[in-house]
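The block underneath contains the structure these notes are about, expressed in structure tokens.
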Amino acid sequence: MLELVAHRGYARRFPENTLAALEGAVAAGARYVEVDVQLTADAVPVLFHDHDCRRLCGMPGAIDGYDLAQTAAFGLAWPEGSGGTRAPVPLARVADLAAFLAAHPAVTAFVEIKHEAVRRFGAALAVQAVHELLRPVLTQTVLISFSRRALVVARDLWPAIGLVTRHYREFRARGTVALAPEYHFCDVKGLPRRGPLGRDGTTLVVYEIDCARQARALEARGVRFVETFAYAELALALMDAGA
């Protein structure tokens, strides 16, 4: 059965990477969610995707230019089309994610450590800071990243890890075999046009998908997981198509 991963939570209807987006995804039936992690200036892991804070918070500069106390004043705006005018949502910490997962033991979170955190703080500090907070719910998490340096550290700490790439062929780059990642997240735009997909021992997750026909075409090629901002919309479309 095709599984859907709620990309940054239910990001089409809620502010992305927030507790509201995660709760919204679970309410819509999600068993798998994905979040992005960066560190504040004082090395506190928070859920945040962009390097620049302008789009999400209307603030200048990068998230790692602010300490945690300063980010308490941040509010993440609701996406266009989510309906009505609503108050911005607070920034979520990885500690909040841990509490969320403890309250939802059937949910698995793919936790992506961003390149920005690795560049600023180093792979060991960034990964270990996240690991310490997620330790009580570690079996409900998979650490993923574009950064192979981060995954080298995570390999000894997590029961499962995942490599994120923009192109399918990048999975074969030197060092991947030794990492033995359980998951491979790949941009749909970087897939080969035809032929079976997936590799023995590794589960392929394709992002970003919002079309049921495209999801079914990927499933026919061997894909088991697709990642989507539009969790409920895609789930409903797949049901209407005969899921």
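The values are calculated or read from the model by the stated rules, or taken from the named source; none is laboratory data. Please read all numbers here as calculations on a predicted model, not as lab measurements. Glycine gets a Cβ as well: all are built from the backbone with ideal geometry, and neighbour counts include every protein chain shown. Each accessible area value is taken on the protein alone, full model and side chains, heavy atoms only, with ligands, DNA and RNA left out. Shrake-Rupley method; radii C 1.70, N 1.55, O 1.52, S 1.80 Å.
Numbers for the structure displayed
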{"read-out": "J(HN,Hα) series, segment 203-210, from Karplus relation 6.51 cos²θ - 1.76 cosθ + 1.60, nearest Hz, glycine and proline x", "value": "8, 7, 10, 9, 10, 9, 10, 9"}
{"read-out": "Within the chain, helix-based [θ] at 222 nm, where runs of 4 or more DSSP H residues each add -39,500 (n - 2.57), nearest 500", "value": "-8500 deg cm²/dmol"}
{"read-out": "Projected label distance in nm at A102 and D67, using a 7 Å step from Cα toward the beta-carbon", "value": "2.6 nm"}
{"read-out": "Per-peptide average of other Cβ atoms within 10 Å, ordering 74-80, 32-38 highest first", "value": "32-38, 74-80"}
{"read-out": "Packing-based ranking, highest mean first, of 165-172, 94-101, 10-17, 184-191 given that Cβ atoms within 10 Å are counted", "value": "10-17, 94-101, 184-191, 165-172"}
{"read-out": "Accessible surface of segment 188-243 [probe 1.4 Å, protein heavy atoms]: carbon and sulfur percent", "value": "52 percent"}
{"read-out": "Per residue accessible area in Å² of segment 25-162, where ligands, DNA and RNA are left out and the probe is 1.4 Å", "value": "42 Å²"}
{"read-out": "Computed label-point distance, nm, for sites A87 and D52 using a 7 Å Cα→Cβ extension", "value": "2.9 nm"}
{"read-out": "Relative contact order computed over segment 90-207 (Cα-Cα under 8 Å; 6+ residues apart), in percent", "value": "19 percent"}
{"read-out": "Only Lys, Arg (+1) and Asp, Glu (-1) charged, at Cβ; the chain dipole about Cα centre in debye", "value": "800 debye"}
{"read-out": "Mean Cα-pair separation over length for the chain, i.e. relative contact order, pairs under 8 Å, 6 or more apart, %", "value": "20 percent"}
{"read-out": "Residue among R119, R221, R194 with the largest mean-square fluctuation in a Gaussian network model of the chain, springs linking Cα atoms under 10 Å", "value": "R194"}
{"read-out": "Over segment 158-243, relative contact order from alpha-carbon pairs under 8 Å, at least 6 apart, %", "value": "23 percent"}
{"read-out": "Residues with amide H under 5 Å from that of E227, placed H, sequence gap 5 or more", "value": "V5, V206, Y207, I209"}
